[in-house]
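Asker: Once you've had a glance at the structure underneath, I'll fire off some questions.
The values are calculated or read from the model by the stated rules, or taken from the named source; none is laboratory data. Not measured: the values here are computed from a predicted model. With ideal geometry, Cβ positions are generated from the backbone for all residues, glycine too; neighbour counts draw on all protein chains shown.
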Number of protein chains: 2
Amino acid sequence: MRFSINRDRFVHDVQHVAKAVSSRTTVPILTGIKIVADHEGITLTGSDSDVSIETFIPKEEDDREVVTIEETGSIILQARFFAEIVKKLPGQEIELIVQDQFATTIRSGSSVFNLNGLDPEEYPRLPELEENLLFRLPQDMLKNMIRQTVFAVSTQETRPVLTGVNLESEDGELICTATDSHRLAMRKATIERNDESLSFSNVVIPGKSLNELSKIIEDTNDLIDVVVTENQILFKMKNLLFFSRLLEGKYPVTKSMIPTQSKTSFKLKTKPFLHTLERALLLSREGKNNVINLKTLEDSRIEVTSISPEVGKVTEHIDTVDMQGEDMRISFNGKNVIDALKVIDSEEIHIVFTGAMSPFVIRPVDHDNYLHLFSPVRTY
Amino acid sequence: MRFSINRDRFVHDVQHVAKAVSSRTTVPILTGIKIVADHEGITLTGSDSDVSIETFIPKEEDDREVVTIEETGSIILQARFFAEIVKKLPGQEIELIVQDQFATTIRSGSSVFNLNGLDPEEYPRLPELEENLLFRLPQDMLKNMIRQTVFAVSTQETRPVLTGVNLESEDGELICTATDSHRLAMRKATIERNDESLSFSNVVIPGKSLNELSKIIEDTNDLIDVVVTENQILFKMKNLLFFSRLLEGKYPVTKSMIPTQSKTSFKLKTKPFLHTLERALLLSREGKNNVINLKTLEDSRIEVTSISPEVGKVTEHIDTVDMQGEDMRISFNGKNVIDALKVIDSEEIHIVFTGAMSPFVIRPVDHDNYLHLFSPVRTY
């Protein structure tokens, strides 16, 4: 193998595939990045067997020559070193040459690296997916859906299926749900599909995979194709494939958890309420329980308090809008509500309580594309 | 005690004194910040007994009222919470009220904090220094002197005196030296002094203190007064006092270590040489020894190499200027030389070798205000 490539373009893609590579793998060959040169361009692959990323750099892009291939071939190079090395190379161009025994030379400017490569034949094949369950949505929308749900997945391995985000779809609507059984985040969106009868459920993507995917997705409305199979999901972008394993197990039915009636409800400005809770959390996180108390007052106001026996107490009174229903006094995990308020883009939210010991709901006022559900905390 | 204060101005000074407070102190009262209100303004103090910082906020600044004092007094508040709280308060103004039993109320906008304070009488007094050894220099120059030496102090407690930077002065010149016995950084500067006969040596300031001081010093050429006593040093800025304990013990005499003759020498561009070493370090740090090899070639060129038996090898050829003396082959700790090159502001450096197993010197070409000395590493 022998090719020259524009350094910046190469670095861009090497960083992408390196995201999939873990240094703590039990399969030594997976600490490497696979590089394949054929007559069309360069293909790079990285994988930790849960997530695999494959990118393609074509010979020409925007009428500009990016790669010059002198000899086709392939090699595996240690991801950790290779990604650092290409980033720091001094020249505009990089030349990569593989000789006998996988000995690899990288030249750029004044710099010559001789690296020990590994046999590309030993690299596992990526899954080949039959493209039957296919839909598409804009990249920026997918990025938002991830941001607005993935923070709520469980970090505990006791119920592995809750460490993922659940996808289900019917009638052209995609619903993403994440819950750690104390809080739930749900996000809906409209998708494009080839087959009008497309319908699926219990497609659970590990939260970790979605966090990696989110770093790669760009803020454009270019469409991204999504292929779902029994145990894999594939996100197809221009010149980039992102594969993730799906989680096994039955995801809980969450629709029935969301209360439909209301005992007390009001509207609040999102950002000021977030800042009030952040101040209250300064004291309540000291006890490591993050408990914040909220009660309704007269004149449509609410009082937010939190206490640390050692440090002290904080009290804030806030005006609300459209307060309806009974007086209410409730305690909750402030950190969980803060997490949700941080991903709500709307200026105003609607909070609906169903009782002091029942879950409550926060939604944006201006649309119903997402909602957040929280269990209260018993403080007596 | 009762006063109102501009929030941003208060936050600025609280952040400064909080830098001196350690949460891992054995003296519980030192986890707090002392706040004193008198008729002139507010004084804040933080200390970990090694470093103490005292700032003063006058009632008026730039013809603007900053503080309104309604009742004088003092209190100690937990630094960790207090610093976070004032930063997050919602209003432009903060009101602080101390009632009986050190119960403290902080009001700002919609927010009311009730904090448990501590008895200010229990707070240790700051050292009172007789101002006999006094000199002054511009703040930005002191900041540079710290940056260009403190990285070279020892992190090992086996020879405590080497964890500090040594100050000595004679004939209006201040010399700062740091060494961990493998490398040495030396920086000279001209200072102003009241007493023309000012002369001192073996004033060793803990590196940790200087790092904190450096965060507080601003990039201005306002003068800073320095008072030196037997076991304390005091840096006096406008409305801010920074005290540090000095290290005990005899600092080694370093002047004699600096070679005066040369066997081989040449000049190099600083930045490209730094980048070459950074690339070489990618491989040599793998073996945890950071060894980089340098040898002279024909035509005034040098070769820089490093090897990781597992990963591979890197080789770079660089042009030098004014090469003089014998052929040379030497190995050194690349991380140490990189640290020094990063703080050299000059475009070009002069390297002087005195033999393969003797220390070598790097200096800027355009002045002799600083130099860096390195021991070679034996590789056979």
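Asker: Search region B:291-316 for residues being facing chain A (nearest Cβ under 10 Å) and among the β-branched types (Val, Ile, Thr), and hand back the single one that is nearest to B:Leu274 (Cα to Cα).
Answerer: B:Val304
Asker: For region B:23-80, which positions are under 25 Å from B:Glu248 (Cβ atoms) and of a type outside the set (Val, Ile, Thr)?
Answerer: If the condition is that a residue be under 25 Å from B:Glu248 (Cβ atoms) and of a type outside the set (Val, Ile, Thr), then B:Arg24, B:Leu30, B:Gly46, B:Ser47, B:Asp48, B:Ser49, B:Asp50, B:Ser52, B:Glu54 are the ones that fit.
Asker: From the list A:Asp8, A:Asp38, which residue is charged (D, E, K, R), surrounded by fewer than 17 Cβ atoms within 10 Å (Cβ to Cβ) and closer than 18 Å to A:Glu121 by Cβ?
Answerer: Numbers: A:Asp8 fails: closer than 18 Å to A:Glu121 by Cβ.
The unique qualifying residue is A:Asp38.
Asker: Here's a follow-up. Please go through region B:260-300 and give me each residue that is touching a Gly at 6+ places or on another chain (Cβ under 9 Å) and on the phi > 0 side of the Ramachandran plot, ordered by number.
Answerer: Matches in region B:260-300: B:Asn290 only.
Asker: Now, a different point. When region A:281-290 is examined, which residues are found to be more than 11 Å from every other protein chain (Cβ to nearest Cβ) and closer than 20 Å to B:Lys87 by Cα? Before you say what the answer is, go through the steps one by one.
Answerer: Just the residues of region A:281-290 that are more than 11 Å from every other protein chain (Cβ to nearest Cβ), to begin with: A:284, A:287-290.
The answer is A:Ser284, A:Asn290.
Asker: Hey, another quick one. So B:Arg64 ticks every box in (1) charged (D, E, K, R); (2) out of contact with any helix residue (DSSP H, G or I) (no Cβ under 9 Å at 6 or more places or on another chain); (3) under 17 Å from B:Phe242 (Cα atoms) but one. Which box is left unticked?
Answerer: (3)
Asker: In the list B:Thr68, B:Thr105, which residue meets the criterion of being in contact with a strand residue (DSSP E or B) (Cβ under 8 Å, 6 or more places away or on another chain), free of Cβ contacts under 8 Å to residues at least 12 places away in the same chain and part of a strand (DSSP E or B)?
Answerer: Numbers: B:Thr68 fails: free of Cβ contacts under 8 Å to residues at least 12 places away in the same chain.
Of the residues listed, the single one that is in contact with a strand residue (DSSP E or B) (Cβ under 8 Å, 6 or more places away or on another chain), free of Cβ contacts under 8 Å to residues at least 12 places away in the same chain and part of a strand (DSSP E or B) is B:Thr105.
Asker: State all residues of region A:303-314 that are in contact with a helix residue (DSSP H, G or I) (Cβ under 9 Å, 6 or more places away or on another chain) and on the phi < 0 side of the Ramachandran plot; if no residue qualifies, say none. Walk me through it before giving the result.
Answerer: Initial filter on region A:303-314 (in contact with a helix residue (DSSP H, G or I) (Cβ under 9 Å, 6 or more places away or on another chain)): A:304-314.
The answer is A:Val304, A:Thr305, A:Ser306, A:Ile307, A:Ser308, A:Pro309, A:Glu310, A:Val311, A:Lys313, A:Val314.
Asker: Could you tell me whether region A:117-129 includes any residue that is within 14 Å of chain B (Cβ to nearest Cβ), within 27 Å of A:Val27 (Cβ to Cβ), aliphatic (A, V, I, L, M) and surrounded by fewer than 17 Cβ atoms within 10 Å (Cβ to Cβ)? Walk me through how you get there before you give the answer.
Answerer: Our first condition is that a residue be within 14 Å of chain B (Cβ to nearest Cβ); within region A:117-129, this holds for A:117-118.
Narrowing further to those that are within 27 Å of A:Val27 (Cβ to Cβ): A:117-118.
Checking the rest, the ones that are also aliphatic (A, V, I, L, M) come to A:118.
Subsequent filtering for residues that are surrounded by fewer than 17 Cβ atoms within 10 Å (Cβ to Cβ) retains none.
Within region A:117-129, none of the residues are within 14 Å of chain B (Cβ to nearest Cβ), within 27 Å of A:Val27 (Cβ to Cβ), aliphatic (A, V, I, L, M) and surrounded by fewer than 17 Cβ atoms within 10 Å (Cβ to Cβ).
Asker: Follow-up. Only one residue in A:Val11, A:Val21 is in contact with a Lys or Arg (Cβ under 6 Å, 6 or more places away or on another chain) and under 21 Å from A:Leu213 (Cβ atoms), so which one is that?
Answerer: Numbers: A:Val21 fails: in contact with a Lys or Arg (Cβ under 6 Å, 6 or more places away or on another chain).
Among A:Val11, A:Val21, only A:Val11 is in contact with a Lys or Arg (Cβ under 6 Å, 6 or more places away or on another chain) and under 21 Å from A:Leu213 (Cβ atoms).
Asker: Give me the residue from region A:84-93 that is more than 9 Å from every other protein chain (Cβ to nearest Cβ) and surrounded by fewer than 21 Cβ atoms within 10 Å (Cβ to Cβ) and, out of that set, farthest from A:His12 (Cα to Cα). Write out each step before concluding.
Answerer: Quick first cut of region A:84-93, residues more than 9 Å from every other protein chain (Cβ to nearest Cβ) only: A:86-87, A:91-93.
Narrowing the set further to residues that are surrounded by fewer than 21 Cβ atoms within 10 Å (Cβ to Cβ) leaves A:87, A:91-93.
Details: A:Lys87: 9, A:Gly91: 15, A:Gln92: 13, A:Glu93: 14 Å.
Checking each candidate, the answer is A:Gly91.
Asker: Can I ask one more? One residue is enough: does region B:317-333 have a residue meeting the conditions within 14 Å of chain A (Cβ to nearest Cβ), part of a loop (DSSP other than H, G, I, E, B), in contact with a strand residue (DSSP E or B) (Cβ under 8 Å, 6 or more places away or on another chain) and at pLDDT 95 or above?
Answerer: Going residue by residue through region B:317-333, those that are within 14 Å of chain A (Cβ to nearest Cβ) are B:317-320.
Imposing the further condition that a residue be part of a loop (DSSP other than H, G, I, E, B) reduces the set to B:320.
Now narrow it down to the ones that are in contact with a strand residue (DSSP E or B) (Cβ under 8 Å, 6 or more places away or on another chain): B:320.
Narrowing the set further to residues that are at pLDDT 95 or above leaves B:320.
Checking region B:317-333: at least one residue is within 14 Å of chain A (Cβ to nearest Cβ), part of a loop (DSSP other than H, G, I, E, B), in contact with a strand residue (DSSP E or B) (Cβ under 8 Å, 6 or more places away or on another chain) and at pLDDT 95 or above.
Asker: Continuing with this model, one more query. Under the condition of being part of a loop (DSSP other than H, G, I, E, B) and modelled with pLDDT under 95, which residue from region A:44-65 is nearest to the other protein chains (Cβ to nearest Cβ)? Break it down stepwise before answering.
Answerer: Restricting attention to region A:44-65, the residues satisfying the condition of being part of a loop (DSSP other than H, G, I, E, B) are A:48-50, A:59, A:62-63.
From the residues that got through so far, the ones that are modelled with pLDDT under 95 too are A:48-50, A:62-63.
Details: A:Asp48: 20, A:Ser49: 23, A:Asp50: 25, A:Asp62: 29, A:Asp63: 32 Å.
It comes out as A:Asp48.
Asker: Go through the residues of region A:342-358 one by one and say whether even a single one is within 14 Å of another protein chain (Cβ to nearest Cβ), outside any strand (DSSP E or B) and at negative phi.
Answerer: The initial filter retains those residues of region A:342-358 that are within 14 Å of another protein chain (Cβ to nearest Cβ), namely none.
Looking through region A:342-358, none of the residues is within 14 Å of another protein chain (Cβ to nearest Cβ), outside any strand (DSSP E or B) and at negative phi.
Asker: Condition first: of a type outside the set (Asp, Glu) and surrounded by fewer than 18 Cβ atoms within 10 Å (Cβ to Cβ). Now tell me which residues in region A:324-334 satisfy that. Step through it out loud before you land on a result.
Answerer: Start the filter on region A:324-334 by keeping residues that are of a type outside the set (Asp, Glu), which leaves A:324-325, A:328-334.
Once the filter is applied, which keeps residues that are of a type outside the set (Asp, Glu) and surrounded by fewer than 18 Cβ atoms within 10 Å (Cβ to Cβ), region A:324-334 yields A:Gln324, A:Gly325, A:Arg329.
Asker: Which one is farthest from the other protein chains (Cβ to nearest Cβ) among residues in region B:94-115 that are under 15 Å from B:Ile76 (Cα atoms) and surrounded by fewer than 20 Cβ atoms within 10 Å (Cβ to Cβ)?
Answerer: The qualifying residue farthest from the other protein chains (Cβ to nearest Cβ) is B:Asp100.
Asker: Could you grab the pairs with beta carbons closer than 8 Å, sequence gap of 6+ or different chains, first residue in region B:253-280 and within 12 Å of another protein chain (Cβ to nearest Cβ), second one of a type in the set (S, T, N, Q) and assigned to a strand (DSSP E or B)?
Answerer: Pairs that qualify, where the first residue is within 12 Å of another protein chain (Cβ to nearest Cβ) and the partner is of a type in the set (S, T, N, Q) and assigned to a strand (DSSP E or B), are B:Thr276/A:Ser111; B:Arg279/A:Ser111; B:Ala280/B:Thr305; B:Ala280/B:Ser306.
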